[in-house]
Amino acid sequence: MNLETMNRNNEVTLEQTLDVKFKTASRRSLIIMPLYVLVPVLFAVAFHLAGYELEWKAFGLGALGWMIALVLRAPVGLLIQRMPQPKAKKIMIASSGVMEESVRLILLALTSVASSWALSIGQGWAAIEVIYTMVSVIAIASLANRTDEKAMEAKAFLEAQGSIQTSPLWGILERIWASAFHIGCTLIVASNPWTVVLLIPLHSGVNALVVKLAAKSIPKSSLAIAVFGLGSLAIGITLML
């Protein structure tokens, strides 16, 4: 067997291994996907028990704010599409903090910074991201049975990013910590609008750190977002409630 044949066989074996891993992870993710819905529900219940009723108008505006921030990142994506992938990725991550925290500040400034209102905006912001994650899980799972070149490239990319998880429960935990982060940031900026100056680099920095760690270790990535998420929520509650 010559070297070229051996290399080709190794590539086939790696693709088969990745394909099996991807199918297993996708199947597990789809099975537990309904648990994602519990994340915003449990936050709403917790705050309800604490005496803060969910204000549905604010909740909806929070979801709208997240979508506006997402749309505002689209032009950035167009501007960097010809850049090398590592550089483009850094710019997109950096833009997340700028867009989300700026929109969050404007939304609160145009409506209200009352405690229950800000809490509801934060919950709506976090909830729509949970829904977006669920849609992403379905989209990724749709690649499971595809073996064409583009699908295999996509699977390899997701594997490199740490998006193919042995246990999809890590995804649930990530949504809990991320939701805490969004609610916390909303309370912080509602308590003092100037804190946005700190929240913008913090938000982008947390995203960059989590993405970097996820490619190496999902548990470490989860721990990082847990620390920042719960920390932000604790600070926000202390300042606002």
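The values are calculated or read from the model by the stated rules, or taken from the named source; none is laboratory data. Quantities reported herein were computed from a predicted structural model and do not represent experimental measurements. Reconstructed Cβ throughout: ideal geometry from the backbone, glycine too, with neighbour counts over all protein chains shown. For accessibility, only protein heavy atoms count, side chains too; no ligands or nucleic acids. Shrake-Rupley method; radii C 1.70, N 1.55, O 1.52, S 1.80 Å.
Points to keep in mind about this one:
- Which numbered condition residue 203 fails, given (1) touching a helix residue (DSSP H, G or I) at 6+ places or on another chain (Cβ under 7 Å); (2) at pLDDT below 90; (3) not hydrophobic (A, V, I, L, M, F, W, C): (2)
- Taking the criterion of being out of contact with any Leu (no Cβ under 7 Å at 6 or more places or on another chain) and either in a helix (DSSP H, G or I) or surrounded by 20 or more Cβ atoms within 10 Å (Cβ to Cβ) (or both), the residues of the range 208-223 that qualify are 208, 209, 210, 211, 212, 213, 214, 218, 219, 223.
- When 205, 229 are screened for being of a type outside the set (D, E, K, R), within 17 Å of residue 104 (Cα to Cα) and in a helix (DSSP H, G or I), only 229 passes.
- Residues that are closer than 21 Å to residue 38 by Cα, part of a helix (DSSP H, G or I) and not basic (Lys, Arg) are absent from the range 92-108 altogether.
- Hits in the range 38-74 (condition: β-branched (Val, Ile, Thr), open to solvent by 60 Å² or more (accessible area, probe 1.4 Å) and touching a residue at least 12 places away in the same chain (Cβ under 8 Å)): 68
- Positions within the range 75-98 being among the hydrophobic types (A, V, I, L, M, F, W, C) and open to solvent by 60 Å² or more (accessible area, probe 1.4 Å), in sequence order: 78, 79, 83, 98
- Unique match (being touching a Ser or Thr at 6+ places or on another chain (Cβ under 7 Å), hydrophobic (A, V, I, L, M, F, W, C) and assigned to a helix (DSSP H, G or I)) among 41, 76: 76
- The sole residue among 53, 101, 11, 15 that is more than 25 Å from residue 138 (Cβ to Cβ), at pLDDT below 85 and of a type in the set (Asp, Glu) is 11.
- Members of the range 25-34 that are part of a helix (DSSP H, G or I) and either open to solvent by 70 Å² or more (accessible area, probe 1.4 Å) or among the aromatic types (Phe, Trp, Tyr) (or both): 27, 28, 30, 31
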